[in-house]
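Everything on this sheet refers to the single structure shown next.
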Amino acid sequence: MSHTTLHLFKQNFKFSSAHFLIFDDKKAEMLHGHNYQVRVDLQVPAQADLSASGYFVDFNVFKTLIKAALDRWDEHVLMPEKHPDMKFKRQGPSLEVTFRDRFYVFPENEVVLLPVTNTSVEQLSRLLAENFLTEFKKHGVQSLRVEVEETQGQSASTQLP
């Protein structure tokens with residue numbers, strides 16, 4: 001079966017977030033931030049399957065969904081909720097985070113707890129790909145690839161299914 005690939009990479013497909021990587025049971029990065037960029041490639045039915053209009057779906061449908069997802073992470077601290085060394089405690093409007101010998105207190109509304117073991121670009125791209133595919137299948141998307149770039153020339157991508 002042939003297909004067409006739609007490539008979406010806009011200047012505003014970005015999010016700025018703080019995080020740290022956990023390397024092993026002794027080493028982890030210090031808390032720091034990145035200005036992440038995101039690219040999304042959507043595999044859709046071939047030209048013969050397109051509507052009489054000659055296009056698959058208005059790009060704005062996908063751009064709106066992508067931007068909304070990225071905005072949820074923008075200007076937040078991303079934390080790996082599933083890492084065994086991470087402990088979280090809500091104290092009123094604050095979130096106390098304990099990681100090994102480190103202790104942080106953040107306004108709870110400035111932290112996003114992600115269902116991952118590490119906040120790597122590999123896991124960020126997988127999370128976005130899973131979320132986007134669930135939503136985009138409603139519009140006939142067959143598969144997709146999501147790339148998350150943390151600095152120019154340093155990225156990871158996930159392709160589903």
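The values are calculated or read from the model by the stated rules, or taken from the named source; none is laboratory data. From a predicted model like this one, the values you see are computed outputs, not experimental measurements. Virtual Cβ from ideal backbone geometry, glycine too; neighbours counted across all protein chains shown.
Here P84 meets the list (1) without any contact (Cβ under 8 Å) to a residue 40 or more places away in the chain; (2) under 18 Å from S17 (Cβ atoms); (3) loosely packed, with under 15 Cβ neighbours inside 10 Å almost entirely, failing just condition (2). Of all the numbered requirements in (1) of a type outside the set (A, V, I, L, M, F, W, C); (2) within 27 Å of K137 (Cβ to Cβ); (3) modelled with pLDDT of 95 or more; (4) assigned to a loop (DSSP other than H, G, I, E, B), Q37 misses one, and that requirement is (4). Taking the criterion of being touching a helix residue (DSSP H, G or I) at 6+ places or on another chain (Cβ under 8 Å) and over 18 Å from D71 (Cβ atoms), the residues of the range 108-146 that qualify are P115, V116, T117, H139, V141, S143, L144, R145. Kindly indicate whether D71 is loosely packed, with under 13 Cβ neighbours inside 10 Å, more than 23 Å from E29 (Cα to Cα) and either touching a residue at least 40 places away in the same chain (Cβ under 8 Å) or of a type in the set (D, E, K, R) (or both). Spelling it out, it is not the case that D71 is loosely packed, with under 13 Cβ neighbours inside 10 Å, more than 23 Å from E29 (Cα to Cα) and either touching a residue at least 40 places away in the same chain (Cβ under 8 Å) or of a type in the set (D, E, K, R) (or both). Somewhere in the range 149-156, is a residue assigned to a helix (DSSP H, G or I) and of a type in the set (S, T, N, Q)? Taking every residue of the range 149-156 in turn, none turns out to be assigned to a helix (DSSP H, G or I) and of a type in the set (S, T, N, Q).
Taking L128 as the residue in question, decide whether it is part of a helix (DSSP H, G or I), modelled with pLDDT of 95 or more, over 28 Å from D85 (Cα atoms) and touching a Ser or Thr at 6+ places or on another chain (Cβ under 8 Å). For L128, the condition - part of a helix (DSSP H, G or I), modelled with pLDDT of 95 or more, over 28 Å from D85 (Cα atoms) and touching a Ser or Thr at 6+ places or on another chain (Cβ under 8 Å) - is not met.
With respect to G92, determine if the residue is closer than 24 Å to Q11 by Cα, of a type outside the set (F, W, Y) and loosely packed, with under 13 Cβ neighbours inside 10 Å. When the stated conditions are applied, G92 does not pass them. Can you pull out every residue in the range 1-21 that is among the β-branched types (V, I, T) and either touching a Phe, Trp or Tyr at 6+ places or on another chain (Cβ under 8 Å) or crowded, with 17+ Cβ neighbours inside 10 Å (or both)? Correct list: T4 only. For the range 104-134, residues that are crowded, with 16+ Cβ neighbours inside 10 Å and under 14 Å from the mean Cα position of the chain (by Cα) total 17.
Can you tell me which residue is surrounded by the fewest Cβ atoms within 10 Å (Cβ to Cβ) among those in the range 22-48 that are of a type in the set (A, V, I, L, M, F, W, C), in contact with a strand residue (DSSP E or B) (Cβ under 7 Å, 6 or more places away or on another chain) and closer than 23 Å to R145 by Cα? Step by step, filter the range 22-48, then rank; the result is A46.
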